[in-house]
Amino acid sequence: MSLPTINTYHVDHNGFGIYWKASPASVIKKWNLYGATEVTIDFTLPAKGISLPGSFTLIQEGIPNYPNSLTPGSVFVQLNRSDLSLDEEDPYFVLITGLDANGLETPMEVSNVHNLNFLDQTFVDEAGWPVNVIYGQFEFDLPQVDWDVDRYLDIISLIGRPAKEIKIHTDKDILVKFNNYKAYQMTITSTDPFDLKRGELQVNTVYLKNAGTLAKVKVFVAG
């Protein structure tokens, strides 16, 4: 069963709202909401680079499956940073599972992971217009892996939108493709980090290949 996409309703200094489509006529009667301060990225799994369940813990149980007036047609949940012991700049990841009338729970889905990164400041773009920028930084070990159409880093799941700026650092030579599995491959070395400036390309997905020994990779994104 494909679970609904989670969206952010609002973000302020302490609270935020999330919502997803309600399905009153479906077998799902209630929802469980899970959260994590970080996700595990594992490219040995053909699962968008995110390994589940990872460090996700249950934060709200048995949420009724009916729409809220604030978000017509969708379930709405409001959370506070202080209740989650989060600082202003701490990212946070959420996902949901469904419960049927017997309490049977659906599995966690990688495609359902939604990132709520709180560091969202206003900057000016190349044309002089104000823009909101969300930052995310992820570090992971990349074993010896070949290209795989199902194995990629899902930037939209990690920061909530495409990256307009991306930097990649590695201690070994690796190959990278952006957005498309058939795209042109780029070589990134420890002495020549990749730096995509804002406005040059919007990055939705990042495919990686490592033909050598284990590489340590750092990916910085700004959306």
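Shape class for the stretch 7-117, computed from the alpha carbon gyration tensor (a ≥ b ≥ c): oblate, with a/c not under 1.5 and a/b at or below b/c. Checking the cross-link pairs Lys177/Lys209; Lys164/Lys209; Lys167/Lys218 against a 19 Å limit on the alpha carbon distance flags Lys164/Lys209 as lying beyond it.
Summary: within the chain, the longest segment free of trypsin sites (Lys or Arg not before Pro) located in DSSP loops with at most 11 other C-beta atoms within 10 Å is 1-181. Look at the alpha carbon pairs under 8 Å that are at least 6 residues apart: their mean separation over the length of the chain gives a relative contact order of 20 percent.
Exposure proxy ranking for Val110, Val149, based on other Cβ atoms within 10 angstrom of each Cβ and starting from the fewest, stands as Val149, Val110. Normalising the average separation of contacting C-alpha pairs (under 8 angstrom, six or more residues apart) by the number of residues puts the relative contact order of the stretch 7-117 at 33 percent.
A cut-off of 5 Å between modelled amide H atoms, ignoring neighbours fewer than 5 places along the same chain, links Phe194 with Ile168. Exposed loop sites here mean GluC sites (Glu not before Pro) with a DSSP loop assignment and at most 16 other beta-carbon atoms within 10 Å; the chain contains its longest site-free run at 127-199. With the alpha-carbon atoms of the chain aligned to their principal axes, the span from lowest to highest coordinate is 54, 42, 31 Å, starting with the largest.
A cut-off of 5 Å between modelled amide H atoms, ignoring neighbours fewer than 5 places along the same chain, links Thr71 with no other residue. Rounded to the nearest 500, the 222 nm mean residue ellipticity of the chain from helices alone is -500 deg cm²/dmol, with -39,500 (n - 2.57) taken per DSSP H run of at least 4 residues.
Result for the chain in a Gaussian network model with C-alpha springs under 10 Å: among Ala36, Ala101, Ala22, the largest mean-square fluctuation is at Ala101.
Rounded, prolate or oblate: which one fits the stretch 121-222, using the alpha carbon gyration tensor with axes a ≥ b ≥ c (rounded when a/c is under 1.5, else prolate when a/b beats b/c, else oblate)? Prolate shape, in that a/c is at least 1.5 and a/b is the bigger ratio. Residue exposure proxy: Val176, Val27, Val94, ordered by other Cβ atoms within 10 angstrom of their Cβ from fewest to most, comes out as Val27, Val176, Val94.
Taken together, the values in this text are just the output of simple stated rules run on the coordinates, not laboratory data. This structure is a prediction, so every number in the text was calculated from the model and none was measured. Note that we place each Cβ from the backbone using ideal geometry, even for glycine, and neighbour counts take in every protein chain shown.
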